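Undergrad: Okay, handing you the structure first.
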Amino acid sequence: MAFLPTTPGLSFYSIPLAWILSLVPHVFAVKTYEAASSRKFDNTQPRSLTNTVASDQSLSKATKDTIIRAEGAQQNGFENLGIFAAGVVAGNAAGLDAGYLNALSMAYIASRVVYNLVYINNTTLAVANVRSVVYVGSSALIFTMYVSAGLKMREVAGG
């Protein structure tokens, strides 16, 4: 079966992809920490990485900041994953046009790639503002799924 932009259900594949994109910044943070400090990441206390990095005097400020931003990007991704996944499910349940829902889903995935890159590499207020704009744009894509699903369900119900 070919995966065309109009393939019904294709948007469901964007959910695990969004999960992976949420995890990638953490993997980057861990690898950066291990390379810069010559220490191994303590997976018995994975949430302590930010505190460990902040108190590690062997790391440069720039390296610390990059790792901490990567952890922030990871947290933001997982914080938004549920509302995104529910939006995809709502769109499919409402019977939105597959091409439309697939486009929204893939646009969200693209926005999360950009968001991660901008967040991790942010060192200025201007770039921080770009990150915020990308975040708002990705949120608008999710809200569009919900509003479109609601409108479609009203249409189908004759309302």
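The values are calculated or read from the model by the stated rules, or taken from the named source; none is laboratory data. Fair warning: this is a prediction, and the values are worked out from it, not measured in the lab. When we count neighbours, we look across all protein chains shown, and the Cβ atoms used for this are built from the backbone with ideal geometry, even at glycine. Note: accessible area is taken over every heavy atom of the protein model, side chains too, but ligands, DNA and RNA are not part of it. Shrake-Rupley method; radii C 1.70, N 1.55, O 1.52, S 1.80 Å.
Listed here are the residues, each with its yes/no results for (1) part of a helix (DSSP H, G or I); (2) among the hydrophobic types (A, V, I, L, M, F, W, C); (3) in contact with a His (Cβ under 8 Å, 6 or more places away or on another chain).
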position	(1), (2), (3)
Val88	yes, yes, no
Leu96	no, yes, no
Tyr108	yes, no, no
Val130	yes, yes, no
Val133	yes, yes, no
Phe143	yes, yes, no
Gly150	yes, no, no
Met153	yes, yes, no
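Undergrad: Of all residues in region 29-61, which are hydrophobic (A, V, I, L, M, F, W, C), in a helix (DSSP H, G or I) and without any contact (Cβ under 8 Å) to a residue 40 or more places away in the chain? Steps first, answer last, please.
TA: Filtering region 29-61 down to residues hydrophobic (A, V, I, L, M, F, W, C) leaves 29-30, 35-36, 41, 49, 53-54, 59.
Narrowing further to those that are in a helix (DSSP H, G or I): 29-30, 35-36, 49, 53-54.
Val30, Ala35, Ala36, Leu49, Val53, Ala54, listed by residue number.
Undergrad: To continue, here is another question. Exactly one condition in (1) in contact with a helix residue (DSSP H, G or I) (Cβ under 7 Å, 6 or more places away or on another chain); (2) within 23 Å of Tyr135 (Cβ to Cβ); (3) free of Cβ contacts under 8 Å to residues at least 40 places away in the same chain is false for Glu71; which is it?
TA: Condition (3) is where Glu71 drops out.
Undergrad: Continuing with the same structure: Can you find a residue that is free of Cβ contacts under 8 Å to residues at least 40 places away in the same chain and either outside any helix (DSSP H, G or I) or more than 30 Å from Lys64 (Cβ to Cβ) (or both) anywhere in region 110-121?
TA: No, that holds for no residue.
Undergrad: Out of region 33-46, which residues are within 21 Å of Asn121 (Cα to Cα) and open to solvent by 70 Å² or more (accessible area, probe 1.4 Å)?
TA: Selection gives Ala35 alone.
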